[in-house]
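> Submitted below is the structure of interest, expressed as structure tokens.
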Amino acid sequence: MPTVLVLGGTGEARALAAALAEIPGTRVISTLAGRIARPRLPVGEVRVGGFGGPAGLGEYIAEQRVDAVVDATHPFAERMSWSASKACAATNTKLLRLERPPFPRDPAIDWREVESLAQAAQSLPAAGRRVFLTTGRQGLAAFAATSDAFFLIRCVDAPDPEALPPDRAVLLDRGPFTLEGELDLVDRHALDVLITKDSGGEMTQAKLAAARERGLPVIVVARPPRPAAQTVQTVSEALAWLGEHAHDG
Ligand SMILES: NC(=O)c1ccc[n+]([C@@H]2O[C@H](COP(=O)([O-])OP(=O)(O)OC[C@H]3O[C@@H](n4cnc5c(N)ncnc54)[C@H](OP(=O)(O)O)[C@@H]3O)[C@@H](O)[C@H]2O)c1
């Protein structure tokens with residue numbers, strides 16, 4: 001039976017694993033980095049923890065006799081995608097990238113595109129002094145030296161307190177979020193700018209709707225470059241591709 005390895009950590013990866021588990025005669029293994037204390041687990045077999053780079057991933061692919069790899073990691077999980085690309089090339093394994101589209105650019109929002117978290121930090125305090133910072137726990141050190149703005153930092157797990165800006169509040173929460181809840185945060189903390197990665201996906205779009213309603217500019221960090229790979233945007237497209245390409249042996 002074909003074995004599909006789903007590199008996960010996203011809602012799309014979980015949905016794909018659930019759909020594959022329904023197909024008789026298919027073995028699906030999902031993998032997670034193991035960074036989050038209480039991750040939402042996919043159905044079926046799950047492997048938690050890194051592989052030790054492309055060589056380790058290649059060994060795992062060979063050991064488990066993987067027929068196809070779906071890189072369904074988050075659009076900002078750059079290292080894992082490069083690792084998958086190298087490991088699949090070295091083991092001659094088929095690779096598909098499942099990557100949700102970026103956030104749709106609502107013309108009613110003042111979008112300000114930046115290349116990095118450091119550039120986002122440089123845009124302050126000109127862009128705003130009361131910041132809704134939703135870029136996740138990693139990389140917050142880019143804002144540590146920004147002392148002339150207040151930050152409402154929202155992430156899933158607690159960030160390292162050493163790497164945070166001095167004037168801040170930390171909110172531990174994870175999506176999906178509602179427009180009502182986002183507006184409440186914006187109003188309660190008098191937030192005047194939103195900083196987000198261009199992650200895309202519906203779970204977190206309410207913050208953009210809230211920014212539009214309150215007229216907040218949105219500083220959006222562009223996605224990092226990815227290795228060239230066959231790419232689809234939806235779980236059903238991934239299933240169709242696997243139907244054609246994931247055959248035993
Ligand atoms: N970056 C984000 O904004 C973000 C947001 C939401 C969810 N996530 C999810 O969180 C995880 C970690 O993200 P990251 O930005 O730290 O990734 P990363 O920088 O690309 O990965 C760092 C290392 O973590 C291990 N790793 C990452 N994803 C893995 C997976 N799915 N299965 C097994 N090992 C994995 C790999 O270790 P080895 O080299 O040792 O194999 C990789 O080199 C990813 O699974 C991603 O889908 C990330």
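None of the figures in this text is laboratory data; all of them are computed from the coordinates on show. Model, not experiment: these values are computed from the prediction. In this analysis, Cβ positions are derived from the backbone assuming ideal geometry, glycine residues included, and neighbour counts consider all displayed protein chains.
> Lysines near residue 197 by alpha-carbon distance under 19 Å, same-chain residues fewer than 8 away left out - which ones?
Straight-distance partners of residue 197: 207.
> May I ask for the angle, rounded to the nearest 10°, between helix 53-63 and the longest principal axis of the chain, with both axes built from Cα atoms and the value confined to 0 to 90°?
With both axes taken from Cα atoms, the answer is about 30 degrees.
> How would the chain be classified by its alpha-carbon gyration tensor: rounded, prolate or oblate, with rounded meaning a/c under 1.5 and the a/b versus b/c comparison settling the rest? Let's see the in-between values first.
Working: a/c = 2.29, a/b = 2.00, b/c = 1.14.
Taking the square roots of the gyration eigenvalues as a ≥ b ≥ c, the chain is prolate.
> Could you name the lysines in cross-link range of residue 94, using Cα to Cα under 25 Å and dropping any fewer than eight places away on the same chain?
The qualifying lysines are 86.
> Using a ≥ b ≥ c from the Cα gyration tensor of the range 111-221 (square roots of the eigenvalues), is it rounded, prolate or oblate, where a/c under 1.5 gives rounded and otherwise the larger of a/b and b/c decides, a/b for prolate?
Cα axes put the range 111-221 in the rounded bin.
> Can you list the residues of the range 27-68 with backbone N under 17 Å from a point 7 Å past the Cα of residue 89, pointing along Cα to Cβ?
It comes to 53-59, nothing else.
> What net charge do the residues around residue 157 carry, taking every other residue with its C-beta under 10 Å from that of residue 157, with Lys and Arg at +1 and Asp and Glu at -1? Walk me through the numbers on the way to the answer.
Values: positive: 35, 38, 137, 174; negative: none.
Within the 10 Å Cβ shell, the charges total +4.
> Treating only the Cβ of Lys, Arg, Asp and Glu as charged (+1, +1, -1, -1), what charge dipole size does the range 93-212 show about its Cα centre? Round to the nearest 20 debye.
On the way: 15 positive and 18 negative charges, 63 e Å.
Charge dipole, the range 93-212, about its Cα centre: 300 debye, nearest 20.
> Using packing as a proxy for protection, rank 213-223, 16-26 so that the peptide with the highest average count of other Cβ atoms within 10 Å comes first. Numbers along the way, then the final one.
Values: 213-223: 18.0, 16-26: 16.5.
For the peptides 213-223, 16-26, the packing ranking is 213-223, 16-26.
> How long is the gain from residue 202 to residue 48 if the chain were fully straight, where each residue apart is worth 0.36 nm and the alpha carbon distance is subtracted?
Details: separation 154, 0.36 × 154 = 55.44 nm, distance 2.55 nm.
Between residue 202 and residue 48, full extension yields an extra 52.9 nm.
> On a 0 to 90° scale, report how tilted helix 179-188 is relative to the longest principal axis of the chain, with both axes built from alpha carbons and the result rounded to the nearest 10.
That works out to roughly 40 degrees.
> Where does each of 194-201, 60-67 land if you order them by average Cβ count within 10 Å, highest first?
Values: 194-201: 20.9, 60-67: 16.4.
Put in order of decreasing packing, that is 194-201, 60-67.
> Does the range 1-103 come out rounded, prolate or oblate, given a ≥ b ≥ c as the square roots of the eigenvalues of its C-alpha gyration tensor, rounded meaning a/c under 1.5 and, failing that, prolate meaning a/b above b/c? Numbers along the way, then the final one.
Working: a/c = 1.35, a/b = 1.05, b/c = 1.29.
Rounded, because the longest to shortest axis ratio a/c is under 1.5.
> Sum -39500 (n - 2.57) across every DSSP H segment of at least 4 residues in the chain, then divide by the residue count to get the 222 nm mean residue ellipticity, nearest 500. Walk me through the intermediate numbers first.
On the way: 7 runs with 72 residues, N = 249.
Result for the chain, helices only: -8500 deg cm²/dmol.
> Taking the Cα centre of the chain as origin, work out the dipole magnitude from +1 charges on Lys and Arg Cβ and -1 charges on Asp and Glu Cβ, in debye rounded to 20.
Numbers: 27 positive and 30 negative charges, 50 e Å.
That gives the chain a dipole magnitude of about 240 debye.
> Sticking with this one: Residues in the range 206-228 near a label at residue 190, defined as backbone nitrogen under 18 Å from the 7 Å Cα→Cβ point?
Counting only backbone N, you get 214-217.
> May I ask for the distance between the Cα centers of the range 220-248 and the range 143-160, given as a whole number of Å?
If we compute the Cα centre of each part, the gap is 33 Å.
> Shifting gears a bit: Can you work out the FRET efficiency for the pair residue 112 and residue 236, with r the C-beta to C-beta distance and R0 = 25 Å, to the nearest 0.05? Spell out each step's value before the answer.
Details: r = 34 Å, r/R0 = 1.35.
After rounding, the FRET efficiency stands at 0.15.
> Any idea what angle helix 11-21 forms with the longest principal axis of the chain, computed on alpha-carbon atoms, 0 to 90 degrees, nearest 10?
Compared with the principal axis, the helix lies near 20 degrees.
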